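Take a look at the structure set out below.
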Amino acid sequence: MIQVRDATQTAMFPKLRDAQIERLKPFGRRRATKAGEKLFEVGDSASSIFVLLSGRIVIVSPQRGVETIIRELEPSEFTGEVSVIAGRPVLVRASTPVASELLEIERAQLRRVVDTDAELGEVLMRAFLHRRAQLIAQGFGDAVLVGSRHSADTLRL
């Protein structure tokens, strides 16, 4: 798993309180998954976030032929990063290793939450921004520079 400092870990993966999850429920739909079900894959268009109600979600980055577990989400945690708001491709894979229950919130509804609920909007956006920054810092970006490591031009870029 990617290791980060405690404060950053808390900002990246906050646990939603029961009252916050209740406020999110009108914006999403409950979804039951089977063990091994894929939620999204690298390169998919980011169209939803998933709040884990029960079970587990594993977030993996399959880069350079190696699968790195980024995080195993626990109940009350949620998926997503800035790409969901922007509708850009996903940088990671998510699946449920055990049967799980989720609250799926699609992009349009997520934007409504961010626009209408300042507290939830702040929690979600802070997590999304911290996650994107950490992915980039760990080399899991969506831009790839192709060139020789011995080239001055490549190194300058």
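The values are calculated or read from the model by the stated rules, or taken from the named source; none is laboratory data. Quantities reported herein were computed from a predicted structural model and do not represent experimental measurements. For neighbour counting, all protein chains shown are included, and Cβ atoms are generated from backbone atoms with ideal geometry for every residue, glycine included. Note: areas computed on protein heavy atoms with side chains; ligands, DNA, RNA excluded. Shrake-Rupley method; radii C 1.70, N 1.55, O 1.52, S 1.80 Å.
Extension gain for residue 118-residue 53 works out to 21.2 nm (0.36 nm per residue, less the C-alpha to C-alpha distance).
Taking amide H positions as modeled 1.01 Å from N, with prolines and chain starts lacking one, the residues under 5 Å from residue 99 and 5 or more places away or on another chain are 35.
Restriction of the GluC sites (Glu not before Pro) in the stretch 13-81 to DSSP coil positions whose beta-carbon has at most 14 other beta-carbons within 10 angstrom yields 41. A Stokes-Einstein calculation at 25 °C with viscosity 0.890 mPa s, built on the Kirkwood radius of the stretch 33-72 over Cα pairs, returns a diffusion coefficient of 210 µm²/s. Computed over protein heavy atoms with a 1.4 Å probe, the carbon and sulfur contribution to the accessible area of the stretch 1-141 reaches 52%.
Volume of the convex hull of the stretch 6-103 (Cα atoms only), normalised per residue: 104 Å³.
Which trypsin sites (Lys or Arg not before Pro) does the stretch 33-84 hold that lie in a coil by DSSP with at most 14 other beta carbons within 10 Å? Those satisfying the criteria are 34, 64. For the stretch 1-93, a simple Cβ point-charge model (Lys and Arg +1, Asp and Glu -1, everything else neutral) yields a dipole of about 220 debye relative to the Cα centre.
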